[in-house]
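Okay, structure first, notes after.
The values are calculated or read from the model by the stated rules, or taken from the named source; none is laboratory data. Note that the coordinates shown come from a computational prediction; the quantities given were computed from them, not determined experimentally. No Cβ is skipped: glycine too gets one built from the backbone with ideal geometry, and neighbour counts run over all protein chains shown. Ligands, DNA and RNA are stripped out before the accessible areas are found, and what is left, the full protein with its side chains, is counted by its heavy atoms. Shrake-Rupley method; radii C 1.70, N 1.55, O 1.52, S 1.80 Å.
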Amino acid sequence: QVQLVESGGGLVQPGGSLRLSCAASGSIVSINRMGWYRQAPGKQRELVATIRSGASANYADSVKGRFTLSRDNAKNTVYLQMNSLKAEGTAVYYCNALLYRLGSSSEYQYWGQGTQVTVSS
């Protein structure tokens, strides 16, 4: 099977920075797209940033210019560098991947368990 393991959440003051990591492991043939979504209390899950193989990252308007998503294909890992964090960035951040598994021609979507990011003074 496939696992997405996230790390890097925590408490940070407004204006501060955090870096999230997500590593995919298991019976993976290739990863088409990988990235992050977030869900704040009482709100729907929303896109933060995603990146496809060979393409530039795609960002939500609310994080453009402050967040940077990068990908290490050799490690099946993505990193989300979050700068100038705001209180409204408080949410559970979920790693997401669209990938092909060994023994199947179908594309599958996987989610990580989520990591809490709290922006507060």
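Data overview
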{"read-out": "Filter pass, T68 being open to solvent by less than 50 Å² (accessible area, probe 1.4 Å) and touching a Leu at 6+ places or on another chain (Cβ under 8 Å)", "value": "no"}
{"read-out": "Subset of region 86-99 (residues that are within 15 Å of L4 (Cβ to Cβ) and of a type outside the set (G, A, S))", "value": "V92, Y93, Y94, C95, N96, L98, L99"}
{"read-out": "Residue within region 90-102 that is touching a Leu at 6+ places or on another chain (Cβ under 7 Å) and under 21 Å from S121 (Cβ atoms) present", "value": "yes"}
{"read-out": "Qualifying residue in region 44-54 (condition: in a strand (DSSP E or B), open to solvent by 60 Å² or more (accessible area, probe 1.4 Å) and aliphatic (A, V, I, L, M))", "value": "no"}
{"read-out": "Filtered residues of region 34-43 (kept if part of a strand (DSSP E or B) and among the small types (G, A, S))", "value": "G35"}
{"read-out": "From S25, S53, residue being among the hydroxyl-bearing types (S, T, Y) and at pLDDT below 95", "value": "S53"}
{"read-out": "Pair list, Cβ under 9 Å, 6 or more apart: region 1-12 residue at pLDDT 95 or above, other residue exposed (fewer than 12 other Cβ atoms within 10 Å of the Cβ) and not in a strand (DSSP E or B)", "value": "L4/Q113; V5/Q113; E6/Q113; L11/S120; V12/S120"}
{"read-out": "Total residues in region 95-112, condition open to solvent by 40 Å² or more (accessible area, probe 1.4 Å), in contact (Cβ under 8 Å) with a residue 24 or more places away in the chain and out of contact with any Cys (no Cβ under 8 Å at 6 or more places or on another chain)", "value": "6"}
